[in-house]
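So the structure is just underneath, and the comments pick up after that.
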Ligand SMILES: *Cc1c(COP(=O)(O)O)cnc(C)c1O
């Protein structure tokens, strides 16, 4: 037998293992110095009470012969699909049919799995810096070419730096699949409707597909920033959208998300919706009943209110980090529509050099921008997902140290 040797090409995930190694070494040598972690991309607040109540009730349903549920429908129960269509789309003036929504165990899986229905011959474009899943899943599929000079030979990189306000430029060569994530991880920057329209037009004119990841839409505060790509005219013929309850409702450990594949999206007359339906029915067996009830509660009146409070808590952390750093002279980005603050390292320090300084001098852990791609060099990510106390304490440490 032979293995899929594309797996041998994948660059080892140097970023988070390297961070863990450095933090562990520091803690071992300095057990008396407590570390504050603002590097994680994981939530820390507990689930909204409305979700907990719904899950407890769903557990009881499973204990009774009359309400017991076996295999769930492959694409999600009707009631959750209806709640999504009404709250996430129709409430924003976007008409998405329930048959265009596929419930799943999260956006990460779907972002990777979508490649199953797309030819290996497609040319892929990604932003740089980038959420590593988009790149690694294309390497596994054999779409990447070879790793040379710090990049994949067959992947088109779109640098996002302060020079272009962290918005990629339209490709200068033809690309087939374009990954866009807005509000963005790691830069925390958002895209306006006007800017996103340019991408939709490009995709429709060139027959390209946009894979739009809107995992952070709940953090949007500005009116001209779209929550869904389908708020843009023409998007239904060129875009698939990935959504997640992870950052919206703290479901990182519960696992639930969904993908929208409009019926109008076709290649050579074939609906991608039909292919994705077939892919999911064959390789995925649906989201657990208990989880679907928790997701449904996200859209209840109580649930919405409780979740808005949790998001506001993180948004306040983001503001504390952003304003605190700005006050002490840092150049900072993001935060307004996102739980991420992206900062320019001072004095042209390298990303890792800045990481080492924060860890060794003030015991604050963040994420070096370079770990997300070459254009992240010279930048650094801090996240708003910590506790308010830790966030404030970390900002104080940074202020005290860098004000010197
Ligand atoms: C956190 C995150 C997701 C969510 O992934 P899940 O699998 O739904 O938890 C998706 N995309 C990006 C860019 C993320 O940072």
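Throughout, read-outs are computed from the coordinates displayed, never taken from laboratory work. Just so you know, these numbers come straight off a predicted model, no measurement behind them. Note that each Cβ is placed from the backbone with ideal geometry, even for glycine, and that neighbours are counted across all protein chains shown.
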**Item:** Length released on extending from residue 361 to residue 52, taking residue separation times 0.36 nm less the Cα-Cα span
**Value:** 107.2 nm
**Fill in**
Given a Förster distance of 45 Å, the FRET efficiency implied by the Cβ-Cβ spacing of residue 82 and residue 153, rounded to the nearest 0.05, works out to 0.50
**Item:** Centroid-to-centroid separation of segment 275-345 and segment 20-37 [C-alpha atoms, Å]
**Value:** 28
**Highest-MSF residue in the chain out of 332, 225, 59 [GNM, Cα springs under 10 Å]** = 59
**Fill in**
The extension gain from residue 59 to residue 347, computed as 0.36 nm times the residue separation minus the Cα-Cα distance, is 98.1 nm
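Need the full-extension length gain, residue 14 to residue 120, defined as separation in residues times 0.36 nm minus the C-alpha distance. One decimal, nm. Before the final figure, lay out each step's value.
Values: separation 106, 0.36 × 106 = 38.16 nm, distance 2.62 nm.
So the chain would gain 35.5 nm between residue 14 and residue 120.
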**Prompt:** Among 228, 288, 119, which one shows the biggest mean-square fluctuation in a GNM of the chain, springs joining Cα atoms closer than 10 Å?
**Reply:** 119
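Rounded to the nearest 5, what % of DSSP beta bridges with both residues in the chain are antiparallel?
Numbers: 22 of 40 bridges.
That works out to approximately 55 percent antiparallel.
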**Request:** Report the label-to-label distance for residue 27 and residue 328 in nanometres (one decimal), using points 7 Å from each Cα along the Cα→Cβ vector.
**Result:** 2.3
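Order the peptides 345-356, 296-307 from the highest to the lowest mean number of other Cβ atoms within 10 Å of their residues.
Those peptides, ordered most packed to least, come out 296-307, 345-356.
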**Message:** Order these by the 10 Å Cβ neighbour count, fewest first: 71, 258, 157.
**Reply:** 71, 157, 258
**Sorted by Cβ neighbour density within 10 Å, fewest at the top, the residues 43, 148** = 148, 43
**Request:** Please identify, among 343, 81, 118, the residue showing maximal mean-square fluctuation in a Gaussian network model of the chain using a 10 angstrom Cα cutoff.
**Result:** 118
**Prompt:** What order do you get for 233, 100 when you list them from fewest to most C-beta neighbours inside 10 Å?
**Reply:** 233, 100
**Request:** Tell me the label-point distance for the pair residue 68, residue 4, using the 7 Å Cα-to-Cβ offset, in nm and rounded to one decimal.
**Result:** 3.6
**Prompt:** Taking the Cβ-Cβ separation of residue 204 and residue 90 as r and a Förster radius of 25 Å, what is the calculated FRET efficiency to the nearest 0.05?
**Reply:** 0.60
